[in-house]
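The values are calculated or read from the model by the stated rules, or taken from the named source; none is laboratory data. Since this is a predicted model, take the numbers as computed values, not measurements. So basically every Cβ, Gly included, is an ideal-geometry build from the backbone, and we count neighbours across all protein chains shown. What goes into the accessible areas is simple: the full protein's heavy atoms, side chains included, and nothing from ligands, DNA or RNA. Shrake-Rupley method; radii C 1.70, N 1.55, O 1.52, S 1.80 Å.
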Amino acid sequence: MKILVLAKPGRFQRINEGAAELSQYQFCYADFGASDQEILQAGRDAEVMIADPMLPVSRELIAQMPLLKMIHSEGVAFNRIDLQAARERNIYVCNCKGMNASAVAEHAIMLMLGLLRYVCAGNRAVLEGRQITFKNRLMADGNLKELADCTIGLVGFGDIAKEVARFAHTLGARVIYYDVYRAAPEMESACHVTYRDEAAMLAEADIVSLHLPVTPQTAGRVNRAFLSRMKRGSYLINTARGDLVDNEALADALVSGHLAGAGLDTVAPEPVTLDNPLLMAPEHIQEKIIYSCHLGGITDSSFRRGYQMIWSDIKRIAEGLRPERVVNGL
């Protein structure tokens with residue numbers, strides 16, 4: 001069986017060094033950012049495609065691969081694959097659901113703690129010789145909180161949110177959540193969470209953490225109305241997708257003081273441009289924001305877990321079976 005790999009150069013080889021599967025199948029490769037024609041030249045006759053989730057897999061590309069049986073996202077996201085085009089040709093589209101749940105959850109907790117303890121502003125104060133002045137100001141204001149002092153509100157309750165809930169509970173925080181579909185009582189108990197409708201969750205939470213996919217219904221969900229319903233002095237955490245957030249509305253909420261801060265692992269568009277409304281906010285507002293470079297889910301362990309899922313699904317395809325992680329309704 002021939003497998004076409006569309007991934008960043010070197011990552012596939014590094015993650016799978018020594019894997020038995022490398023000798024079981026035939027592989028071909030196309031560089032990250034290759035055109036459809038370059039991809040077809042490399043692997044038009046491939047039966048399986050492994051695709052970086054940031055790369056588009058278009059209807060036109062799918063139509064010109066006659067032997068294709070499965071497109072497998074290298075990650076969790078699959079929104080750049082034309083699901084309908086694949087479904088029309090009975091091609092399975094699969095993803096690595098849950099591969100990075102613990103990694104992203106750790107990152108979300110890190111951002112929460114970083115905001116509560118003024119990590120970025122404190123680092124800058126030390127570098128500028130203002131350590132004691134900064135420390136005394138925080139002590140006088142009484143602004144330093146522990147996570148156990150906070151109620152954390154989760155928007156969405158998938159694999160990552162569940163891990164955040166477990167970590168936060170271990171650190172003593174109270175956790176509430178809102179999702180379109182309420183979890184079973186046993187799951188709520190296992191994760192130590194309490195369900196709230198969205199309005200109540202936003203009003204109660206000291207920290208609101210986003211755990212939603214980007215869909216036509218969720219894009220721009222965190223708009224002025226959403227932010228205005230958040231508790232005054234609360235924090236926003238986004239380790240999901242930048243497209244969920246209206247950047248200008250968030251910048252204004254930080255400038256007005258309605259929000260105390262934001263921890264953002266992802267900001268749209270990506271790569272972030274210097275004219276982004278968040279980056280153009282006044283300098284004193286920048287101390288209220290922690291940016292990271294969309295690192296939450298790209299730990300080495302995450303990719304290794306992901307490839308265990310990918311090899312499992314490929315084995316099933318090779319045996320003429322339906323893969324386990326199908327996302328396009330076949």
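Residues in segment 10-19 include none that are part of a strand (DSSP E or B) and either of a type in the set (Asp, Glu) or open to solvent by less than 60 Å² (accessible area, probe 1.4 Å) (or both). Cβ-Cβ distances below 6 Å connect the following pairs, each with a first residue in segment 237-251 that is within 18 Å of residue 104 (Cα to Cα), a second residue that is in a helix (DSSP H, G or I) and not aliphatic (A, V, I, L, M), and a separation of six or more residues or different chains: 239/107.
Listed here are the residues, each with its yes/no results for (1) modelled with pLDDT under 95; (2) within 30 Å of residue 94 (Cβ to Cβ).
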{"position": "234", "(1), (2)": "no, no"}
{"position": "237", "(1), (2)": "no, yes"}
{"position": "240", "(1), (2)": "no, yes"}
{"position": "246", "(1), (2)": "no, no"}
{"position": "258", "(1), (2)": "no, no"}
{"position": "262", "(1), (2)": "no, no"}
{"position": "283", "(1), (2)": "yes, no"}
{"position": "300", "(1), (2)": "yes, yes"}
{"position": "322", "(1), (2)": "no, yes"}
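Exactly one residue among 100, 90 is polar (S, T, N, Q), within 28 Å of residue 305 (Cα to Cα) and within 15 Å of the chain's Cα centre (by Cα), and that residue is 100. If you check 144, 111, 154, 115 for being on the phi < 0 side of the Ramachandran plot and surrounded by fewer than 17 Cβ atoms within 10 Å (Cβ to Cβ), only one passes: 144. Every residue in segment 130-158 that is small (Gly, Ala, Ser) and either out of contact with any His (no Cβ under 9 Å at 6 or more places or on another chain) or free of Cβ contacts under 8 Å to residues at least 12 places away in the same chain (or both), please. 140, 142, 148, 153, listed by residue number. Scanning segment 77-86 for residues that are among the hydrophobic types (A, V, I, L, M, F, W, C), at pLDDT 90 or above and open to solvent by 10 Å² or more (accessible area, probe 1.4 Å) yields 78, 81, 83. In the set (1) surrounded by 13 or more Cβ atoms within 10 Å (Cβ to Cβ); (2) basic (Lys, Arg); (3) under 19 Å from residue 263 (Cβ atoms), the condition left unmet by residue 232 is number (1). Considering only residues that are of a type in the set (Phe, Trp, Tyr), under 23 Å from residue 108 (Cα atoms) and open to solvent by less than 50 Å² (accessible area, probe 1.4 Å), which ones fall in segment 270-313? Correct list: 303 only. Residues that are in a loop (DSSP other than H, G, I, E, B) and buried (at least 18 other Cβ atoms within 10 Å of the Cβ) within segment 55-76 comprise 55, 65, 68, 69, 74, 75, 76, listed in sequence order.
Take residue 316 and decide whether it is open to solvent by 10 Å² or more (accessible area, probe 1.4 Å), touching a Pro at 6+ places or on another chain (Cβ under 9 Å) and within 26 Å of residue 151 (Cβ to Cβ). When the stated conditions are applied, residue 316 does not pass them.
Considering the conditions (1) charged (D, E, K, R); (2) surrounded by fewer than 21 Cβ atoms within 10 Å (Cβ to Cβ); (3) in a helix (DSSP H, G or I); (4) in contact (Cβ under 8 Å) with a residue 24 or more places away in the chain, residue 163 is excluded by exactly one of them, (2). What is the residue count in segment 252-276 for residues that are touching a residue at least 24 places away in the same chain (Cβ under 8 Å), in a loop (DSSP other than H, G, I, E, B), within 21 Å of the chain's Cα centre (by Cα) and over 23 Å from residue 213 (Cβ atoms)? The qualifying residues number 0.
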